[in-house]
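A short write-up of the structure that comes next.
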Amino acid sequence: MLQRTLSVGLALFFLLCVVSAATAQDATPYKSNKGYAVQPPSGWEWVTGELEPAELERLPQTIREHYDPNTTDAMFMDLSGKDDAFKDNLNVVVLDDVIPLSPELVEELQRILTQQYESMFESFNLEAFEMAQYGPHSAVKILATYKLLDYELVLFQALMSGPKNSLVLTCTMEKSRRDDRINTCGQAFGSVKFD
């Protein structure tokens, strides 16, 4: 179940420039009714994460078969760039269970998810899969690069466990903005507060 939820959550990180709704995000943290709050990057806007049928058809079959907009609890996107540019985004998926973060879990997840990501993404290259600390929370950190629709993308992901559930936070960014966005998204990861 964990494997499916992690990979399904990824399906929304491929949004390019189509969003169903957006509202400006101010300095107030996003408070979910699913037991957590997060401070998205400054200026990033909340979006629904639903793809139009034409946009969905542009994606490779390996991505379309995992697409389900209902798996994402919250999504924030930087809509400030050109219309035809990739829109860097932060996606939060809530897992109903507390995930015990252990060396054994990290090893198992690395094996399972690397195989799955390699089958989904063109030129997938795993750079890091390790324990990390974001604010007061320990997390499994995943850092990788891949290609999608001629975009060079970076996947920066954290699996974080709280007292009642767990979160998969994923930032997807265009490779040219990598260093700045990893810093920005790392701050968002560190802002998480569980109820």
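The values are calculated or read from the model by the stated rules, or taken from the named source; none is laboratory data. Just so we're clear, the structure is a prediction, and the values are computed from it rather than from any experiment. Note that we place each Cβ from the backbone using ideal geometry, even for glycine, and neighbour counts take in every protein chain shown.
Scanning the stretch 114-126 for residues that are modelled with pLDDT of 95 or more and acidic (D, E) yields nothing. Out of L105, L79, one residue alone is surrounded by fewer than 19 Cβ atoms within 10 Å (Cβ to Cβ), closer than 24 Å to A37 by Cβ, at pLDDT below 90 and among the aliphatic types (A, V, I, L, M). It is L79. The residues listed here are V19, V94; of these, the one that is closer than 25 Å to L148 by Cβ, modelled with pLDDT under 60, surrounded by 15 or more Cβ atoms within 10 Å (Cβ to Cβ) and touching a strand residue (DSSP E or B) at 6+ places or on another chain (Cβ under 8 Å) is V19. Selection within the stretch 127-155: residues that are within 19 Å of I99 (Cβ to Cβ) and hydroxyl-bearing (S, T, Y). The member of this set that is modelled with the lowest pLDDT is S138. Report the residue count in the stretch 73-99 for those that are closer than 20 Å to K193 by Cα and in a loop (DSSP other than H, G, I, E, B). Selection size over the stretch 73-99: 5. Annotation: M173 fulfils all but one of (1) over 13 Å from the mean Cα position of the chain (by Cα); (2) in contact (Cβ under 8 Å) with a residue 12 or more places away in the chain; the unmet one is (1).
Within the stretch 58-67, is there a residue that is of a type outside the set (S, T, N, Q), crowded, with 16+ Cβ neighbours inside 10 Å, at pLDDT below 90 and closer than 30 Å to P163 by Cα? Within the stretch 58-67, one or more residues are of a type outside the set (S, T, N, Q), crowded, with 16+ Cβ neighbours inside 10 Å, at pLDDT below 90 and closer than 30 Å to P163 by Cα.
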